[in-house]
Every structure is written in C-alpha cells, then in structure tokens.
Amino acid sequence: MRKEFVSAQEVAEKAGVSRSAVSRTFTAGASVSPETRKRVLAAADELGYHVNQLARGLMRNETGIVCLVGSEVATPYRSVLLRELTQQLQSVGKVAMLINTDRSDGSVDRALQQAIRYRADASIIMSGMPDKSIAQLCLRSGQRLVLINRDDDQLGSLRINLDDHECGARIATAFVRAGCRRLAFANSEAGTPSLMGREHGFVAAARRLGMDVVVQRFGHTGYDAGRVLAQRLLTRSDRPDAVFCATDLIACGFMDAARHQFRIAIPHELCVAGFDDIEQAAWSSYDLTTFSQPVAAIAKEAIRWLQANASEGETPTGVRLNADLVWRGTVRGA
C-alpha cells in the first residue's frame, strides 16, 4: 500500500480550527488555548498526523540533521562515541545521519552528497581517519563542522582534541616508577594526530628521563596489529619490560600474544598500558591500565557548540580535554 501522509490542513478541518492553530499547537511556546490544543491533538491522533519537521526546518533554513562521519564504527571506542553523540543529539531535537568512511571508493562522496541534498545542518567528523577533503566538502556546502581528534586547520570549525602528549608523558613516568627501564611504544600505521601525539609524548618524556624508546608500527589500529607488534618486540634481544600501546585494542592483542605465545607474566615481567578505556579493558582477563576517553564531555562540547553557533554566532576554534589514567593490574604498583 502507498503511504498517504496526513496534512496539517486535514487536521485543521477535522478539528474545526484554522491551519495556523494546528501549527501553533505543534510549536513549542506558541500561544494556543487549552480547548483548541485539545481538539487539534485529538484530531491529529485520530488521523495519524505527524509534523513534517523537514519541511518546517527548510522554512527556517535549518533541518536539524547532523551527519556523523567516521571510520571503524564497529570498534568499541567508536561505537561508544557514536552512542553518546546520538543520545545527546536526540536530547536537543537533532537527527543523526551516519556516514561510514571505511571504504575508499566513491561511496563516501555519494553518501555525503546525499546528506547535503537533505540539507544537513552540520557534520561531526569522529576520528582522524577520514580524508581532509571530506571536511572541506562539508564546509563548502555551508555546514557547521566539528572535528574530533584531528589537526585540520579549517576556519569556522570546532576542533576537539585530547592532550595526548601529556598522556604519553604520564605513563612514561609511571613505568619508570614501576622500575621499568626498557620502554617500547606499539602503534598502528594509521598515523592519525591522536595516535602520533601519544607516541611523541611518550618518547619525549622517556628521553627526558634518560631512556630511549623502541617504536614499532604495524597495520590497522586493532587487535591483530597488537599480536604482530608483540611478536616483533618480544623477540628482540633487548626485550622491553614496559609497553605503551596506542589503543586498548592493540594492547589486548599484545597481552594475549605475550602471555600465550611467550609465556610472559604481566605485570611481573612486562608492564602494559593502553588508551581508550574500552569495556574489554576492565574485564578480568585484561585488567588493563589505560587512559579513559572523556566521551560524554566530547559529545557535550560538540553539541554545545553546534547549538551556540546556530543561535549566538559563537565560534571557538578549539577545545582540549584531559584523559584520566585508570589504574588497573597491568602496571606494577598500580
């Protein structure tokens, strides 16, 4: 059956009121008498009427649609960020549209063009992976833009970053205090600003403490990369006694290889730390010392700026947040 949408005019005729009375009934804060509101709502319920928010938004030049642009959306951290962003967007009356950028073909551009045709108001790019051309396309289409964990220098956008350098320095100090002297950093080859910031901060802090760091990078940012990185680092003659992994997924793969392939006791022979504080990090099989991404604060800053930007013209260029160190059992003394 073909779906027939009920119009506001039909509701007005059913309720015996004017078309403008129907509009006022469904507009927050608008003036309408209790009796008129009651009649309109009863007629709308009987007819199955719903406000056409897209049409209403176009009249105000604002649709309420926000694109969430990101890669690796199935990974634990990204799925938590996605959940928090959608919940907070919904709480302020926005509608989220997900654009998955895992594929490198033309499907991403086509999806973004589709979102632009739907007059999306804004885009939130959720990671450092999507190409910078995507951000530029969003801005050219007139969208407001939020960039999370990126270093793009895009005028008119809000950048939300963590102090990754400081996190790297903090865990280097923790390793040294635990008696570790042979430090390593396990990273992927993604090269995103956040991953490289952790690496650079860790290496710089270790050098200030009089130690060099062995850095290994491999593959995509995930569990399998952690297993390969463990094989590379733990077969060295100068095997590290402490490893900072760029993410928790890498750390989980690294720990499993260390324990099951090399029979290394953690933390007695090897200290390990990760980043993100995904759900799995707290599981008893990992009990991983890690940094907690302030996901709720990231989403709050993004939505606050989009709301303020739309109504007040506020245009800050950057917000820097801190990640808390969560002490668990993979670092001695934790």
Q: List the relative contact order of the chain as a percent without decimals, with contacts defined as Cα pairs under 8 Å and 6+ residues apart.
A: 14 percent
**Q.** FRET E, pair GLU10, ASP102, Förster distance 56 Å, beta-carbon r, rounded to 0.05
**A.** 0.80
Q.
In Å, what Kirkwood hydrodynamic radius results for the range 107-175 from the alpha-carbon pair distances?
A. 13.5 Å
Q.
Using protein chains only and a probe of 1.4 angstrom, how many square angstrom of GLU35 are accessible, to the nearest 10?
A. 110 Å²
Q: Evaluate the charge dipole of the range 203-261 about its Cα centre and quote only its size in Debye, nearest 20, assuming +1 on the Cβ of each Lys and Arg and -1 on the Cβ of each Asp and Glu.
A: 140 debye
(Q) Taking semi-axes √(5λ) of the Cα gyration tensor in Å straight from the coordinates, which label in [x] 50, 19, 18; [y] 33, 23, 17; [z] 36, 24, 17 is the correct one? (A) [x]
Q) Under a 1.4 angstrom probe, counting protein chains only, how are VAL331, VAL92 ranked by accessible area, largest first? A) VAL92, VAL331
(Q) Taking loop as defined by DSSP and a crowding limit of 12 other beta carbons within 10 Å, which chymotrypsin sites (Phe, Trp or Tyr not before Pro) in the range 229-334 fit? (A) TRP283
Q. Taking a probe of 1.4 angstrom, what is the accessible area of LEU234 in Å², to the nearest 10?
A. 10 Å²
Q. Can you run phi through the Karplus equation (6.51, -1.76, 1.60; θ = phi - 60°) for the range 37-50 and list ³J(HN,Hα) in whole Hz, with x for Gly and Pro?
A. 4, 4, 5, 5, 5, 5, 5, 4, 5, 5, 8, x, 7, 10
**Q.** Heavy-atom SASA rank of GLU269, GLU189, GLU199 (probe 1.4 Å, accessible area, largest first)
**A.** GLU189, GLU269, GLU199
**Q.** Equivalent-ellipsoid semi-axes of the range 126-274, from the Cα gyration tensor, Å, largest first
**A.** 33, 17, 11
Q. What FRET efficiency, computed as 1/(1 + (r/R0)^6) with R0 = 22 Å and r the Cβ-Cβ distance, is obtained for GLN307 and ASP152, rounded to the nearest 0.05?
A. 0.50
Q.
Contact order normalised by length for the range 102-230, with contacts defined as Cα pairs under 8 Å and 6 or more residues apart; what percent is it?
A. 20 percent
Q.
With n ≥ 4 as the cut-off for DSSP H runs, can you work out [θ] at 222 nm for the chain, using -39500 (n - 2.57) per run divided by the number of residues, rounded to the nearest 500?
A. -13500 deg cm²/dmol
(Q) I need to check one value: relative contact order of the range 168-228, counting alpha carbon pairs closer than 8 Å and at least 6 residues apart, in percent. (A) 45 percent
Q) For a label point 7 angstrom out from the Cα of ARG239 toward its Cβ, which stretches of the range 248-270 have the backbone nitrogen within less than 20 Å? A) 251-270
Q. Going by a ≥ b ≥ c, the root eigenvalues of the Cα gyration tensor, does the range 242-283 fall in the rounded group (a/c under 1.5), the prolate group (a/b larger than b/c) or the oblate group?
A. prolate
Q: Please identify, among LEU249, LEU233, LEU155, the residue showing maximal mean-square fluctuation in a Gaussian network model of the chain using a 10 angstrom Cα cutoff.
A: LEU155
Q | Where labels lie 7 Å past Cα in the beta-carbon direction, separation of ARG208 and TRP327 in nm | A | 2.1 nm
Q: Keeping all protein chains in position, work out how much accessible area THR101 exposes to a 1.4 Å probe, and write it in Å² to the nearest 10.
A: 20 Å²
Q) Given the chain, what percent of its DSSP beta bridges are antiparallel, to the nearest 5? A) 10 percent
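The values are calculated or read from the model by the stated rules, or taken from the named source; none is laboratory data. All values reported here derive from a predicted model rather than from experimental measurement. Note that each Cβ is placed from the backbone with ideal geometry, even for glycine, and that neighbours are counted across all protein chains shown. Protein only, heavy atoms only, side chains kept; ligands, DNA and RNA dropped before computing areas. Shrake-Rupley method; radii C 1.70, N 1.55, O 1.52, S 1.80 Å.
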